Amino acid sequence: MFVDQVNVTLRAGKGGNGCVSFRREKGVPRGGPDGGRGGHGGSIYIASDDSLDSLAYYRFHPLNKAPRGSHGQGGNRQGKKGEDLVLRVPVGTVARNKDEPEILYDFLRSDEKYLAARGGKGGRGNASFATPTYQAPREWEAGQPGEERELTLELKLIADVGLLGFPNVGKSTLISKISAAKPVIADYPFTTLIPHLGVVDVDEFKSFVVADIPGLIEGAHLGHGLGIKFLKHVERTKALAHLIDVSPFSGRNPRDDYQTVLKELEAFNPSLMKRPQILVANKIDLLGDERKKLQDVKNLAREEKLPFFAISAKTGKGMKDLVISMAKIVDLEKEKTR
């Protein structure tokens, strides 16, 4: 099950109480205080793990508690510290306070660790209160409570190229042809209900990651269709490829579709408009003699000054040139980042 956003409650462990105790030993009538302090409560850490690809575990485990510290004991024995709890999340997860936009931590690499809730300190026992003039204290401290926080964990897939377009333009077919990803493919809207990642091998030493983003429609940034649920997965991509259905059977206007997707991207996150973009006309195998839509998309690419490719994801025509172009753009963006 693919889950990309969850709310979790974290409760760090409470510190153990300090102990009131006096040394009782034959031949030592006034042994003095020997009450130990309580152990610290366990803390909660969030750590990234590249073997995970979903936040599904936290859908069924929204409350996560770390163990408390043990109480102090006589003989100056300190209570045992509560064991720390480590919550593992996929690489690409963002942690923030619930209902707040500020990011607390962004897990961009594997094995990163963030202290999400600190355990409470153990209380002092009466041995800690003894002084030369106050030799039989009975004071002690209760353990401090651990931190409690409500966080939102949000997974944003990390891909180099994001495939955009209306439902049924051929994104799933394209990613299934150029990578080993196996999304559901069928002739009805919203076939793809979860994003898919695929690794595209350009040659023996070079590859890049493509994300098939579920179909966008007008009003997606407001939650229409599959809506904002999947727009966030576009945010980490280095380049965007717009797929447009130019077959005579779609009944859609290529320019309107392109402009609609652009408006949704800009409304969701204006910085996405600065990403390199490619315009891809798909389903040319169905054109026959009717090529008005194909020419219209060519003209649109010229006007927008975008790289243009005409392909058939079903037959593979034009795919090699498209993959090479994607790889070059990804390399250029990585070089800029470095």
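No lab work stands behind these numbers, since they all come straight from the coordinates. If you're wondering where the values come from, they're calculated on a predicted model, not measured in any experiment. Note that we place each Cβ from the backbone using ideal geometry, even for glycine, and neighbour counts take in every protein chain shown.
Summing charges over all other residues whose Cβ lies under 11 Å from the Cβ of Leu174, with Lys and Arg as +1 and Asp and Glu as -1, gives +3.
When peptides 264-276, 98-110 are ranked by their average number of other Cβ atoms within 10 Å per residue, the highest-first order is 264-276, 98-110. Just list whichever of Lys113/Lys336; Lys177/Lys328; Lys177/Lys206 have alpha carbons separated by over 23 Å in the model shown. Over 23 Å apart, Cα to Cα: Lys113/Lys336.
Within a straight-line Cα-Cα reach of under 17 Å, Lys314 can be paired with the following aspartates and glutamates, leaving aside sequence neighbours fewer than 8 residues apart in one chain: Asp187, Asp212, Asp245, Asp285. With 31 Å as the limit, the listed pairs Lys80/Lys156; Lys292/Lys317; Lys65/Lys238 have Lys80/Lys156; Lys65/Lys238 beyond it between alpha carbons.
Based on the alpha carbons, how large is the Rg to Rh ratio for the chain when Rh follows Kirkwood? A ratio of 1.25. Ranked from largest, the principal axis spans of the Cα set of the range 1-82 equal 69, 21, 13 Å. The calculated FRET efficiency for Glu148 paired with Glu266, based on their beta-carbon distance and R0 = 35 Å, is about 0.35. Electrostatic bookkeeping for Gly72 treats Lys and Arg as +1 and Asp and Glu as -1; over the other residues with beta carbon under 11 Å from its beta carbon, the sum is +2.
The protection proxy used here, the mean number of other Cβ atoms lying within 10 Å of each residue, ranks peptides 166-173, 133-140, 10-17 as follows, highest first: 10-17, 166-173, 133-140.
Run lengths n ≥ 4 of DSSP H only: what is the helix-derived mean residue ellipticity at 222 nm for the chain, with -39500 (n - 2.57) per run over all residues, to the nearest 500?
Helix-only estimate at 222 nm: -5500 deg cm²/dmol.
Our compactness index for the range 5-155, the C-alpha radius of gyration over the empirical 2.2 N^0.38 Å, is 1.39.
The local environment of Ala117, defined by Cβ-Cβ distances under 11 Å, has a net charge of 0 under the rule Lys, Arg +1 and Asp, Glu -1. Once both axes come from the Cα atoms, what is the angle between helix 254-268 and the longest principal axis of the chain, in degrees from 0 to 90, rounded to 10? Once rounded, the angle reads 20 degrees. From the alpha carbon centroid of the range 99-135 to that of the range 248-301 is 53 Å. Of all DSSP beta bridges confined to the chain, the antiparallel ones make up roughly 55%. Taking every DSSP bridge with both residues inside the range 5-155, close to 70 percent are antiparallel.
Counting beta carbons within 10 Å around each of Val261, Val246 and listing the fewest first gives the order Val261, Val246.
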